[in-house]
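Worksheet: one structure, shown below.
Bear in mind that the values in this text are calculations on the coordinates, not laboratory data. Because the structure is a prediction, the values reported are computed rather than measured. Cβ: placed from backbone, ideal geometry, glycine included. Neighbour counts: every protein chain shown.
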Amino acid sequence: MYARVIVDVPSKQTNRPFDYKIPPTLKDWVEVGSRVGVRFGPRMIQGFVVELLEQSEVDDRKLKSIESVLELQPSLTEELVELAKWMSRRYLCNEITALQVMLPGALKAKYEKYIALAEDSGSDSLTNDPLHAKGEMQNEIIHFIKKKQTVEMNELLTRFPNASMLIKKLIINEILIETQNIKNRVSTKKVLMVYPPDNITMLEGYKQELSKQAHKQLEVLQFFIDQPKPIQLSELTKRLNTSSSSIKSLASKQWLKLESTEIYRDPYQKHDFKQSYPLQLTEEQEKVFQTIRQTIHAKRQQLFLLHGVTGSGKTEIYLQTIQQCIHQNREAIVLVPEISLTPQMVERFKSRFGDLVAVLHSRLSAGERFDEWRKIQQKKVKVAIGARSAIFAPFTNIGLIIIDEEHETSYKQQDNPKYHAVEIAKMRSKAHQAAVILGSATPSLETYYESHQSTMQYLPMPSRVAGRAMPTVQVVDMREELKEGNRSMFSRPLHQAIEDRLNKKEQIVLLLNRRGYSTFVMCRSCGHVVSCPHCDISLTYHMNTRHLRCHYCGYAERESSSCPSCSSEHIRYFGTGTQKVEESLTSHFPGIRVIRMDVDTTSEKGSHEKWLNQFRDQKADVLLGTQMVAKGLDFPKVTLVGVIAADTVLNLPDFRAAEKTFQLLTQVSGRAGRHQLPGEVVIQTYNPDHYSVISASHHDYTSFMRTELQSRKQGIYPPYCKLILITFSHENMNLLVRTGESFSEYIKRQQLPSIIDVLGPVASPIPRKKDRYRFQCLIKYRGGWETIHLVHKAVSSLENTVKQTKLQVSVDVDPQMLM
DNA sequence: AGCACGCCGACT
DNA sequence: GTCGGCGTGCTC
């Protein structure tokens, strides 16, 4: 038997299967989806079995054997292996990259090289010439290794930085031996468990046999008489306040069993989830629920767009449809944007389905995530809830895939493979005959369009549960405010509203889409703007650290009191960041308690949760933050939502700017008045007449869509065409432009009927990042594989340039952002 | 991606 | 003459 293996070498030349023999001893273990260790050239690396063969086309003498199988159970299913192959063609990435993204990071192999002394090399091979520098070095190295038995190659090289050639030679001369192994980053966790005897009644007898002084042992036996269940050793000693020695002595008498057992690291171990039960559905919900229920029961592949306004009870629909799925003994995947994967959200699922839920998100440690993933793989759970990559949960019998906040850009992965979770969901639902629910209060234009053009079923839920009113929205023209002499960042209506809530002891959410203190620093004498030396972007001032920071590459420099260009002292900070708003709040409203949430305050593990809990417990009056406060939060006391500047998104150089603005405004407005108290929203803007702002203020999705669709049709943008964005980057601008031109020419020359337009090359919206200039081409086409294949060919034709000049080419199929 | 092989310039 | 630079090509 033979196996085709995709090896862990992400490059163009190795992006194909390699055949290996399956040794008889491994025959029963090697399956499609197995992770295996193989020799590849001189190295030992890992790979994935993608096919089993009776006969290989490669000459048998050239074939090596699989060395080892890394897991008892294949890491991937056949379905996922097929999907990876499809992804590599669709998103133009290496197949190995697609395979890797399906697994938790813990299973990414870490390769370690170890150096040891050859057994027969003894000290006689040492040079006896102490004056000879090389001999001296060699002696030192050999002594060093001798002391440690084996040394990691990296450690050796750090210890002897100039000796790499020498070490190489010693290996060739067989004085040193080099071994390489594939190591998992994380292993399964094992703990000692204490088991009562199979026959519990024996315990009473043992009690009599115990010597009178053995109080602790007696207690332990009594413990198991009371509750004859296995328990962790550490837990037992803690509960009975005893040492492990008493338990060990009981174990040595064979009265109790002590065994090492694999356990799951459970990040939610300490939480107690109260069991919750299905809520009574409203008439509107019931109708939607029944439609989806029927599909699940019919085991039919079907897409749904669940368009429910904020507060219409989408989550309850999710929970009850999942319940249907579980009844059928099928599995469900729930995707939630990373930032709304809050403890609140997790709790709703855990309290309904208890231990049947695995949660996957980036805040877990590698070990925790691995264990959650393993629960899925080993069929211990029925529901996987997580961010984007949870779409690859290795279930084998999926009945339902739910994608909440379907319009979120975070469902598109920014680096390779640049997949979109919604598209993957469609592929998987086809393979499993599963239902897909795309849920949103503000569906993306593409999805909305699709629901009217294709077999996707449109399920509207236009009213809030319990008849709660939508919040009232007031749009404030900031130009008018300025005219009337209000130079503060709070308009009079917002100022008044904040004051009002403070008096009433109600809570406020403020949204500002920009972190830091100010957006740019400019000299008023010469107009010099302080910008990043590595990227073409102005630096942002961060008050707390008194630094200017680049939000693209992380570069930071100290603040300065004079202009670096003309030395004038008239240097000023412009624009508004979250830090500045916080400062301004405290000075306008003395005694106000503010929680600021942005990347700067939530980078620490668990801090996100901490801040939200504090806000929920009303330890603060205001929650001020970037996008992350717009999503999914649900606090009963919040009655005012303020948007400091609606224009920040609107002014982005992207054809989706209006859509994103509408979505953000609608989402954040939904945070107000979700419970008994009525909500109010104040939107401050310099573009009060823009249709995205007006439609959002009227909660009028349909009219926004109509206008926006019209404008997309006119400019020919999605959904009226498909896009591929190709970005080139290099330190040398000349080379960049030349390559871009020739690429664009290559595409145009083919005159494919499916290509509508080839734009560019032009400088990217971020023209330089980390010292590399960036140019991009945008291809508008009618869909289908033809254009993707052509782009693939065109990129391949640049391969030589790429290799010789380190030019970087990135291809983004269906880009979500043109940056 | 690594790593070996192989072909040229600066040194013992 | 040889050491060591990095261009070229291969990995089942």
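Couple of notes before you dig in:
- With N as its number of residues, chain A has a Cα radius of gyration that, divided by 2.2 N^0.38 Å, comes to 1.11.
- Relative to its residue count, segment A:380-438 spans a Cα convex hull of 82 Å³ per residue.
- Sorting A:257-266, A:410-419, A:283-292, A:203-212 by their mean Cβ neighbour count within 10 Å, with the most densely packed peptide first, gives A:410-419, A:283-292, A:257-266, A:203-212.
- Entry for segment A:287-346 at q = 0.21, 0.22 Å⁻¹: log10 I(q)/I(0) = -0.96, -1.03, Debye formula applied to identical alpha-carbon scatterers, no solvent contribution.
- In segment A:2-109, the alpha-carbon atoms span a convex hull of 103 Å³ per residue.
- For segment A:642-767, the fraction of alpha-carbon pairs in successive 10 Å shells from zero, as %: 11, 30, 25, 19, 11, 3, 0
- Cross-link partners for residue A:748 among the lysines, with Cα-Cα distance under 17 Å and sequence neighbours closer than 8 places in the same chain left out: A:722, A:780, A:793.
- Lysines with Cα under 19 Å of residue A:769, excluding same-chain neighbours fewer than 8 positions away: A:806
- Per residue of chain A, the DSSP helices (runs of n ≥ 4 H) give a summed -39500 (n - 2.57) that works out to -10500 deg cm²/dmol at 222 nm.
- Segment A:459-495 residues near the modelled residue A:702 label - backbone nitrogen below 16 Å, point 7 Å along Cα→Cβ: A:459-464
- Virtual spin-label span in nm between residue A:588 and residue A:1, 7 Å along Cα→Cβ: 7.0
- Summary of packing: across the peptides A:710-722, A:304-316, the per-residue average of other C-beta atoms within 10 Å ranks them, highest first, as A:304-316, A:710-722.
- In this calculation the C-beta distance from residue A:183 to residue A:786 is compared with R0 = 51 Å, giving a FRET efficiency of 0.70.
- Size descriptors for segment A:197-255, from the alpha-carbon set: Rg then Dmax equal 10.5, 26 Å.
- Counted residue by residue at 0.36 nm each, then reduced by the alpha carbon distance between them, the extension gain from residue A:209 to residue A:817 reaches 211.4 nm.
- Computed 3J(HN,Hα) for segment A:22-38, one whole-Hz value per residue from the Karplus formula 6.51 cos²θ - 1.76 cosθ + 1.60 where θ = phi - 60°, is 9, x, x, 5, 9, 3, 6, 9, 7, 10, 4, x, 5, 9, 10, x, 9, glycine and proline marked x.
- Dimensionless Rg/Rh of segment A:518-635 - Kirkwood Rh, Rg from C-alpha atoms: 1.04
- Segments A:685-694, A:795-804 sorted - mean Cβ within 10 Å per residue, highest first: A:685-694, A:795-804
- Spin-label pair residue A:745/residue A:362, simplified geometry with 7 Å Cα→Cβ offset, distance in nm: 4.1
- Approximate shape of segment A:465-507 as ellipsoid semi-axes (Cα gyration tensor, √5λ), whole Å, largest first: 26, 15, 5
- For segment A:701-778, the Kirkwood estimate of the hydrodynamic radius, built from every pair of different alpha carbons, is 14.2 Å.
- Here the residues A:452, A:551, ranked from fewest to most Cβ neighbours within 10 Å of their Cβ, fall in the order A:452, A:551.
- Taking label positions 7 Å along the Cα-Cβ direction at both residue A:528 and residue A:60, the computed distance is 7.6 nm, reported to one decimal.
- Residue order, fewest to most surrounding Cβ atoms within 10 angstrom, among A:738, A:774, A:671: A:738, A:774, A:671
- Alpha-carbon centroid distance for the pair segment A:31-81 / segment A:767-787, whole angstrom: 35
- Footprinting exposure proxy for A:319, A:281 (fewest neighbouring C-beta atoms within 10 Å first): A:281, A:319
- Per-residue HN-Hα couplings for segment A:334-344 [Karplus 6.51, -1.76, 1.60; θ = phi - 60°; Hz; x = Gly/Pro]: 10, 9, 9, x, 3, 6, 9, 7, 8, x, 3
- Extension gain for residue A:466-residue A:344 works out to 41.8 nm (0.36 nm per residue, less the C-alpha to C-alpha distance).
- Translational diffusion of segment A:249-314, µm² s⁻¹ [Kirkwood Rh, Cα pairs; Stokes-Einstein; 10 °C; 1.306 mPa s]: 91
- Taking chain A and dividing mean pair separation by its residue count, relative contact order in percent (alpha carbons under 8 Å, at least six apart): 9
- Once you divide the Cα radius of gyration of segment A:153-246 by 2.2 N^0.38 Å, the number left is 2.13.
- Here segment A:283-464 is treated as a sphere whose radius is the Kirkwood value from Cα pairs; by Stokes-Einstein at 25 °C and 0.890 mPa s it diffuses with a coefficient of 151 µm²/s.
- Across segment A:662-673, coupling constants 3J(HN,Hα) worked out from phi with the 6.51/-1.76/1.60 Karplus curve, θ = phi - 60°, read 4, 5, 4, 4, 5, 4, 6, 4, x, 6, 9, x Hz, and Gly and Pro carry x.
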